[in-house]
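The next block holds one structure in the form of structure tokens; read it before the comments.
The values are calculated or read from the model by the stated rules, or taken from the named source; none is laboratory data. This structure is a prediction, so every number in the text was calculated from the model and none was measured. Here the Cβ positions follow ideal geometry from the backbone for every residue, glycine too, while neighbour counts run over all protein chains shown. Heads up: the accessible areas ignore ligands, DNA and RNA and are worked out on the full protein's heavy atoms, side chains in. Shrake-Rupley method; radii C 1.70, N 1.55, O 1.52, S 1.80 Å.
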Amino acid sequence: MTSVQHPLDLLLTGVTAITGDPATGIMEDAAIGISDGRIAHLAPVSAGLPAAERTLHRPGRLVTPGFVNAHLHAVLVMVRGVAADLGFAPSYTPGVPKGTDATPEEARALARLGVAEALLSGSTLVCDHFVHAEATLEAVAELGLRVHAGWRVHDVDFARVPQGEWRFDAGIGEDLLRRTLDLHDRWHGALNGRIAVQMAAHAPDTCSPGFLRTLAAEASARGMRVNTHLAQSRVEVERVRASTGLSPAALLEETGMLNERLLATHCLYVDDDDIARLARAGVHAVHVPKCNAASGRLAPTPALKAAGVNLALCTDTQHGDMVETMRWALATARIGQGGVSADWQPADVFRMATLGGAEAVGMADRIGTLTVGKCADLVVFDSRRPHLRPQTNPLGTLVHTGQGRDVEMVMVDGEVLVEDGRLPRADLERICIEADEAARALWARA
Ligand SMILES: [Zn+2]
């Protein structure tokens, strides 16, 4: 279990480890040791404790791998409490402020709140895409978590989309692609590998077929992950069918986008042929259960899972609590199936939030489970609280009644980024005030 020569940097003892590793499962009264940013020891306390520089005895806590929030637009905290009731994504909706309306300073302030909230709720990796990616990436990187960022890339003139007009402009596409590649040159692999840059191709209806081919070729040449919205709406499906005769998934296949580097978010309006396409190509489906359910829709996650598609989980424009999101994923899959089955249990949605996301971003060998040798990206929940007791089934209790605000500590590479539910590296009060001010200014101008 352990082969360390020198004292560990940190040892957590007395915890219940929900490892997500099939070989280990759930370990009660566990000791988790960290050395050089890696998990160096994972064993029951009864097996004996290795020497450590710092030991934290934490009985009554659950420890999980860090959550991977595979698709997020942190700046869209600006439409919180409103957009979910308008029936469609904010970018397509008139009368609400857009990311393009924000100044870089406003985007920075809003993104910091969105990402701080995700981190406080246990996300150790977020895929965050929108306009002003350069400014927001710089601001959120300070918080210390893993950020896989990208510019929102499209060649449609988005200013006309809320009015129902899809007009493509090669200049817009070229500019956004150039910004993406610049961001990739400057940031990919930065901060000891905590930062990565993805190609955030917006959607099959907002990128023309020729532009999709260009994006696929650039992403392939650089080995970039591509994070897109796929089959998010009937509007998208009808637009793509009318102009190409294809379903959105078939268009992505035709333009070279469908492969194991693609994270396809939503997958709401996919038929059996589309699902077979996604499975064949090794695409990762990023599920957005809370946004979708709030819009009155369910993604066919049972069919995607049955076809062998890897499923990841995200919060998109909703608030960044992956614990709550696991619960929505479980409930909505069961609504889709019409009952409770062995295929949809707490362990399945926990996998989506951890290892499924790690696979989607290409990091399953380093993160996603509590396993000796992997990065010490982990979350400590205070499970002494009334709603988390009794602990008859720790994982079932976490998924069904846990909340992001039960998080006590978060680490990335063994570095403590959340302690006692606070951010030692940032002034949370200031983050909230600045985001409030930015949102107020944006709504006043909208
Ligand atoms: Zn999105």
> Separation between the Asp273 and Arg241 pseudo-spin-labels, each 7 Å from Cα along Cα→Cβ, expressed in nm?
Replying inline: 1.1
> For segment 371-415 and segment 219-244, what is the separation of their C-alpha centers, rounded to whole Å?
Replying inline: 35
>> Can you list residues from other chains, or at least 5 along the same chain, whose modelled amide H is less than 5 Å from the amide H of Val131?
In response: Arg152
> Applying the Karplus parametrisation 6.51 cos²θ - 1.76 cosθ + 1.60 with θ = phi - 60° to the phi angles of segment 166-177, what ³J(HN,Hα) value in whole Hz is obtained for each residue in order, glycine and proline being reported as x?
Replying inline: 9, 10, 8, 9, 4, x, 5, x, 4, 4, 5, 5
> Measuring from label point to label point, each 7 Å out along Cα→Cβ, what is the Arg280 to Arg430 span in nm?
Replying inline: 5.4
>> Using Cα springs under 10 Å in a Gaussian network model of the chain, which residue among Ser123, Ser208, Ser220 shows the largest mean-square fluctuation?
In response: Ser220
> Could you give the distance between the Cα centres of segment 425-443 and segment 291-347, to the whole Å?
Replying inline: 31
> Per the 1.4 Å probe, what fraction of the accessible area of the chain, in percent, lies on carbon and sulfur atoms?
Replying inline: 50
> Angle, helix 322-337 long axis vs. longest principal axis of the chain, Cα atoms, 0 to 90°, nearest 10?
Replying inline: 70
> For the chain, what is the largest minus smallest coordinate of the Cα atoms on each principal axis, given in angstrom and ordered from greatest to least?
Replying inline: 66, 46, 42
>> Given axes a ≥ b ≥ c from the Cα gyration tensor, I'd like to know whether segment 278-346 is rounded (a/c under 1.5), prolate (a/b larger than b/c) or oblate.
In response: oblate
> Taking only Cα atoms, what is the 0 to 90° angle, nearest 10, from helix 234-244's long axis to the longest principal axis of the chain?
Replying inline: 50
>> With +1 assigned to the C-beta of every Lys and Arg and -1 to the C-beta of every Asp and Glu, and no other charges, what is the dipole magnitude of the chain about the Cα centre in debye, to the nearest 20?
In response: 540
> Rounded if a/c is under 1.5, else prolate if a/b beats b/c, else oblate: with a ≥ b ≥ c from the C-alpha gyration tensor eigenvalues square-rooted, which is segment 277-402?
Replying inline: oblate
>> What FRET efficiency comes out for Ala51 versus Arg385 if R0 is 45 angstrom and r is the Cβ-Cβ distance? Round to the nearest 0.05.
In response: 0.90
>> If packing is taken as the average number of other Cβ atoms within 10 Å across a peptide's residues, how do 177-186, 402-411 rank, most packed first?
In response: 402-411, 177-186
> Taking the chain as a Gaussian network, where each spring joins two C-alpha atoms under 10 Å apart, which residue of Leu388, Leu262, Leu370 fluctuates the most?
Replying inline: Leu388
> What residues of segment 367-384 lie in the reach of a label at Asn192, counting those whose backbone N is under 15 Å from a point 7 Å from the Cα along Cα→Cβ?
Replying inline: 367, 374-378
>> Can you give me the angle between helix 272-281 and the longest principal axis of the chain, using Cα atoms only, in degrees from 0 to 90, rounded to the nearest 10?
In response: 60
> Peptides 24-31, 229-236: what's the order by average Cβ count within 10 Å, highest mean first?
Replying inline: 229-236, 24-31
